[in-house]
Amino acid sequence: MNILTAPQTQVENAVMIMVTEAIGDTICIASEDGQKVYNRIAAAFHAGKKVIVSFKDAEDITTAFLAEAIAQLYHVFPEEQVESSLRVVNMKEIDAIDLEDAIYWTKEYQRPGAIYSCGEGSIWRLLL
């Protein structure tokens, strides 16, 4: 299930996190601000709650922000929990594409035995 397309009924009685309120700004650039959003989502997950994250009025959303705020969840929580407990709303299409990319690469990075190129002549293997 995609966190951007999950039916609204999947998140009844959920905690609502307004990104602009969580960071105190409409500009979503800094990874430190993304960490603030992540901390709120993680706290709700640890409490067994579902979460709706609203990007209403958010501007200039960077991949670094999205990686910290949302994709980082996949490092800490089981994918099934993230997919069933999180819903992202009020996000522009271009930002949704960036979010999907951030999540994809987070999952790919965690894949056991994945090989990554880190520049010419440099290859390392992730062993999980």
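Regarding the range 71-84, can at least one residue be identified that is closer than 19 Å to residue 31 by Cβ, touching a residue at least 60 places away in the same chain (Cβ under 8 Å) and either charged (D, E, K, R) or touching a Ser or Thr at 6+ places or on another chain (Cβ under 9 Å) (or both)?
No, that holds for no residue.
Go through the residues of the range 66-77 one by one and say whether even a single one is more than 11 Å from the chain's Cα centre (by Cα), modelled with pLDDT of 95 or more and over 26 Å from residue 110 (Cα atoms).
no
Just to verify a result, which residue in the range 1-30, among those that are small (Gly, Ala, Ser) and modelled with pLDDT under 95, is farthest from the chain's Cα centre (by Cα)?
My answer is 14.
Taking residue 94, is it at pLDDT 95 or above and not in a loop (DSSP other than H, G, I, E, B)?
Values: at pLDDT 95 or above: yes; not in a loop (DSSP other than H, G, I, E, B): yes.
Taking the combined requirement at face value, the residue satisfies it.
The values are calculated or read from the model by the stated rules, or taken from the named source; none is laboratory data. The shown structure was predicted, so the numbers you read here are calculated from the model rather than taken from an experiment. Using ideal geometry, Cβ is built from the backbone for each residue, glycine included, and neighbour counts are taken over all protein chains shown.
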